[in-house]
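All remarks here apply to the structure that follows.
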Amino acid sequence: MRRLRWITCLGIGGLLLPLLVSCATLPRSQNWWEARRDSSAQAPDPATTPEAVIQVYAARAVRWRGVFGIHPWIAVKRSGAPAYTRYEVIGWGVDRGAPAVRVNRAGPDDHWFGSRPRLLVDLRGEGVDALIDKVEAAVRSYPYPASYRTWPGPNSNTFIAHIGRAVPELRLDLPPTAVGKDYLPNGIPVALTPSGTGLQFSLLGLAGLLVGWEEGIEVNLLGLTFGVDLNRPALKLPGIGRVGFP
């Protein structure tokens, strides 16, 4: 019995410690509505970039949500287009009838309320226009266009993971802090990983196992991800994210 208590305590500690570290290292700044939302200068200028572009970004979520997770979005620009189109899911206003899927709410690479986004995917040139067709079809087929739930989903990470599965050419490896990426559409228990390079099993986003070439091995417990990346050696921890090679 004593050994069982020790194992339980270690398990709880292993679950909470990464989140406490994340909380301690989360930047303290001004009110979120006053935080910077200007360009992070990562998207190429359409005026000087005639080729097609697809980029996926992720930034720490706003306020207390940033302890646990990130907010991602995808930006696309067709060949010769004068501007990007940005797609994302946002929960604000959904309970009052606003759509969950928002288009061009901000620029392609803008700071997310003070958090500089990290570039996850950057595809350009030949064949990218055809992939944009697939991305936009995936946006239209998203099964929760009028629904949002911070935990366990469907949320912004559920949306981007859906696009990744529909367009495996993106090779999208969402970080372990993408809470909601394991919430599979319509409650199905098995699906491709968001990168399209493996399989995952999930129980309504609350518990599951993922094995993929891009993602490595991940265990989902209550929406929190623990894992190891063997392709680019790293540990994956809730709140903290990757610890190892980038």
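Sorted by packing (mean other beta-carbon atoms within 10 Å per residue), highest first, where do 197-206, 170-179, 108-117 land? Could you put the intermediate results ahead of the total?
Numbers: 197-206: 17.1, 170-179: 24.1, 108-117: 20.9.
In descending order of packing, they fall as 170-179, 108-117, 197-206.
Could you pull out the trypsin sites (Lys or Arg not before Pro) across segment 38-114 that fall in loop regions by DSSP (anything but H, G, I, E, B) with no more than 12 other Cβ atoms inside 10 Å?
Answer in residue order: R63, R105.
Under 20 Å between alpha carbons, and skipping anything fewer than 8 positions from K134 in its own chain: which lysines qualify?
Within the straight-line limit of under 20 Å, K134 reaches these lysines: K77, K181.
Please turn the phi angles of segment 116-126 into ³J(HN,Hα) values with the Karplus equation 6.51 cos²θ - 1.76 cosθ + 1.60 (θ = phi - 60°), one per residue in order, whole Hz, x for glycine and proline.
Going residue by residue, I get 6, x, 9, 7, 9, 9, 9, 10, 9, x, 4 Hz, with x marking Gly and Pro.
Stokes-Einstein diffusion coefficient for segment 198-246 at 10 °C in a medium of 1.306 mPa s, Rh from the Kirkwood formula over Cα pairs: what value in µm²/s? Working shown, then result.
Values: Rh = 10.7 Å.
Once the numbers are plugged in, D ends up at 148 µm²/s.
Take the Cα coordinates of segment 85-147, assign each an equal point scatterer, and use the Debye formula without solvent to give log10 I(q)/I(0) at q = 0.17 Å⁻¹.
The Debye formula, applied to the Cα set alone, gives -0.76.
I need the fraction of alpha carbon pairs in segment 19-244 separated by more than 33 Å, rounded to a whole percent. Intermediate values should be presented prior to the final figure.
Numbers: 2868 of 25425 pairs.
Result for the distance tail: 11 percent.
What's the ranking of 215-221, 128-134 by average number of surrounding C-beta atoms within 10 Å, highest first? Please report the intermediate quantities before stating the final value.
Working: 215-221: 20.0, 128-134: 16.0.
By packing density, highest mean first, the sequence is 215-221, 128-134.
In deg cm²/dmol, rounded to 500, what helix-only [θ] at 222 nm does the chain give when every DSSP H run of at least 4 residues adds -39500 (n - 2.57) and the total is split over its residues? Could you put the intermediate results ahead of the total?
Numbers: 4 runs with 53 residues, N = 246.
The helix contribution divided over the chain gives -7000 deg cm²/dmol.
Rule-based calculations on the coordinates, nothing more; no lab input. Treat the numbers as computed from the prediction; the structure is a model and nothing was measured. Note that each Cβ is placed from the backbone with ideal geometry, even for glycine, and that neighbours are counted across all protein chains shown.
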